[in-house]
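Scroll down for the structure; my scribbles are underneath it.
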Amino acid sequence: MSVRTHVAEVTRDLYVLRVDDEKIRYFEALWEIPERISYNAYLLLKGDHVVLFDGWKSSYSTLLLESIEKIVSPRDITEVVVHHLEPDHSGSIPALLRVNEKAVFMGHPLAGKMLSSFYGVSRFRPIPDNSPLDLGTKARFIHIPWLHWPETSATFLEEEGVLLTCDAFGSYSLPPLFDDDADLAALEQAITKYFVTVIGHYAPFVGRALRKMEELSISPRVIAPGHGTIWRRNINWVLSLYARLSGDQLGNRVTITYVTMYGGTEPAVEAVKQALRERGVEVAVYRFSDETRDSIAEALASMAQSRLVVLGAATYESDAQPLMRFLVDLIGEKLSYRKNLPFLVLSPYGWGGVAGKKIAERLRSYGFTTVEFVEWEGRLTDQVAGRIRDSLSKLT
């Protein structure tokens, strides 16, 4: 499979270097991303400065050097600004070190030890928060911790009006280089999924970063992230979307996610779907069974846009079915900032019922305040269906 790379001018003397990773299937070896992902680095040429901002995954190191070569020799790079040390952005550093013996690496003070430990980098300059940088153009280096590592930072090129943000304001998918002609509806889904799976655990820090930008009077004309499209037409749109996703506003849909080993949960799920559709409520269903397995990442993204989440699973060895336990833990890790998101747990059982109670306890342990569960033995009776409807009415 040939690998697509892109080299294009963002503003005068600032270039984007992008590679489309079409080989990847599971981001972080966990999240299903059939839409794939890009890695974006940036190259600035100003006066005596040749500055590389971030890099690519290690498997694309040679291609990165070849892309740089289209503009300038990699040997001429004078500074490397590291916004985030995760290997999808820093894995190409060893290849650069082999051809460049003079570049000074710069970043958050925490990045120095990590660069030394990961890659043997010795030429490092720590940059304090909100520090001016002379890169041949006026710049400011801003710490935006936990978006999504503690050393994550951004650079604002003041004259160009470009904010380089690495993981922040990024997305899954392989959209156009620039957002001018992008499909915003498709991007909203890709961003939501990316936000929940990558940044969700640290969502409260998004609001802090947005407020910090406002306090520092940073009003970018271009936002250049490390993944996805470069924002220059729809900046307010993407900032608003990130603000909404990091808040606690409930969405409009109901997401049903359930695990069924032998079909025992299906009748209850059908009863829920019917009751909600009768009321005109949008329903999204994710099923995990012995025949099909939907996307965990998609399910979490849907939950982030929901007014209610319905979970279904049977008892398994005196607990909930293991896959549902895993799903609940991911919900707790990635969505626990949305404490007001209500849950309804459905659980059939044969010899004993504990799954519903266990799932509810797990959800409450993550801080979710509204959790109801309905358990039943054997087949779904009209009485149990009535209890489910009552719970739906109360929760929606």
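Being open to solvent by 10 Å² or more (accessible area, probe 1.4 Å) and either closer than 20 Å to residue 271 by Cα or aromatic (Phe, Trp, Tyr) (or both) is the filter here, so list the residues in the stretch 296-314 that pass it. If the condition is that a residue be open to solvent by 10 Å² or more (accessible area, probe 1.4 Å) and either closer than 20 Å to residue 271 by Cα or aromatic (Phe, Trp, Tyr) (or both), then 307, 314 are the ones that fit. When the stretch 315-329 is filtered for residues that are open to solvent by 30 Å² or more (accessible area, probe 1.4 Å) and either within 25 Å of residue 245 (Cβ to Cβ) or among the small types (Gly, Ala, Ser) (or both), the ones remaining, listed by number, are 318, 326, 329. Tell me which residues, restricted to the stretch 234-288, are under 22 Å from the mean Cα position of the chain (by Cα), assigned to a strand (DSSP E or B) and either of a type in the set (S, T, N, Q) or more than 23 Å from residue 333 (Cα to Cα) (or both). Correct list: 255, 257. Are any of the residues in the stretch 133-142 open to solvent by less than 20 Å² (accessible area, probe 1.4 Å), touching a helix residue (DSSP H, G or I) at 6+ places or on another chain (Cβ under 8 Å) and under 18 Å from residue 227 (Cα atoms)? No, the stretch 133-142 has no match at all.
Here's a check for you: in the stretch 1-30, which residue that is basic (Lys, Arg) and open to solvent by 60 Å² or more (accessible area, probe 1.4 Å) is nearest to residue 177 (Cα to Cα)? Please lay out each step first, then the result.
Residues of the stretch 1-30 that are basic (Lys, Arg), as a first pass: 4, 12, 18, 23, 25.
In the following step, the residues that additionally are open to solvent by 60 Å² or more (accessible area, probe 1.4 Å) were identified as 4, 12, 23, 25.
Numbers: 4: 12, 12: 16, 23: 19, 25: 21 Å.
Filtering the stretch 1-30 for residues that are basic (Lys, Arg) and open to solvent by 60 Å² or more (accessible area, probe 1.4 Å), the one nearest to residue 177 (Cα to Cα) comes out as 4.
Mind listing whichever residues of the stretch 363-394 are open to solvent by 20 Å² or more (accessible area, probe 1.4 Å), in contact with a strand residue (DSSP E or B) (Cβ under 8 Å, 6 or more places away or on another chain) and in contact (Cβ under 8 Å) with a residue 40 or more places away in the chain? 380, the sole residue that qualifies.
Among residues of the stretch 268-284 that are without any contact (Cβ under 8 Å) to a residue 40 or more places away in the chain, those with a beta-carbon under 7 Å from a residue that is in a helix (DSSP H, G or I) and open to solvent by less than 100 Å² (accessible area, probe 1.4 Å) at least six positions away or on a different chain give the pairs 283/273; 283/276; 284/302. In the stretch 1-40, of all residues being acidic (Asp, Glu) and outside any loop (DSSP other than H, G, I, E, B), the one that is nearest to residue 162 (Cα to Cα) corresponds to 9. Within the stretch 314-334, no residue satisfies the criterion of being of a type in the set (A, V, I, L, M) and on the phi > 0 side of the Ramachandran plot. Among the residues of the stretch 31-78, the ones that are over 19 Å from residue 12 (Cα atoms), open to solvent by less than 10 Å² (accessible area, probe 1.4 Å) and in contact (Cβ under 8 Å) with a residue 60 or more places away in the chain come to 5 in all. Annotation note: Cβ proximity below 7 Å between a residue of the stretch 111-134 that is under 16 Å from residue 91 (Cα atoms) and a residue that is surrounded by fewer than 18 Cβ atoms within 10 Å (Cβ to Cβ) and of a type in the set (Ser, Thr, Tyr) (sequence gap 6+ or interchain) occurs for 116/122.
Scanning the stretch 169-184 for residues that are farther than 12 Å from residue 222 by Cβ, in contact with a Phe, Trp or Tyr (Cβ under 8 Å, 6 or more places away or on another chain) and either small (Gly, Ala, Ser) or not in a helix (DSSP H, G or I) (or both) gives 170, 171, 172. Could we say that residue 332 is surrounded by fewer than 15 Cβ atoms within 10 Å (Cβ to Cβ) and either without any contact (Cβ under 8 Å) to a residue 40 or more places away in the chain or assigned to a strand (DSSP E or B) (or both) here? Against the criterion (surrounded by fewer than 15 Cβ atoms within 10 Å (Cβ to Cβ) and either without any contact (Cβ under 8 Å) to a residue 40 or more places away in the chain or assigned to a strand (DSSP E or B) (or both)), residue 332 does not qualify. Within the stretch 336-351, restricting attention to residues that are among the hydroxyl-bearing types (Ser, Thr, Tyr) and assigned to a strand (DSSP E or B), the residue that is nearest to residue 367 (Cα to Cα) is 347. A count restricted to the stretch 335-353 and to residues that are closer than 23 Å to residue 379 by Cα and either of a type in the set (Asp, Glu) or open to solvent by 50 Å² or more (accessible area, probe 1.4 Å) (or both) stands at 3.
The values are calculated or read from the model by the stated rules, or taken from the named source; none is laboratory data. Fair warning: this is a prediction, and the values are worked out from it, not measured in the lab. For neighbour counting, all protein chains shown are included, and Cβ atoms are generated from backbone atoms with ideal geometry for every residue, glycine included. The area values use the complete protein model at the heavy-atom level, side chains included, leaving out ligands, DNA and RNA. Shrake-Rupley method; radii C 1.70, N 1.55, O 1.52, S 1.80 Å.
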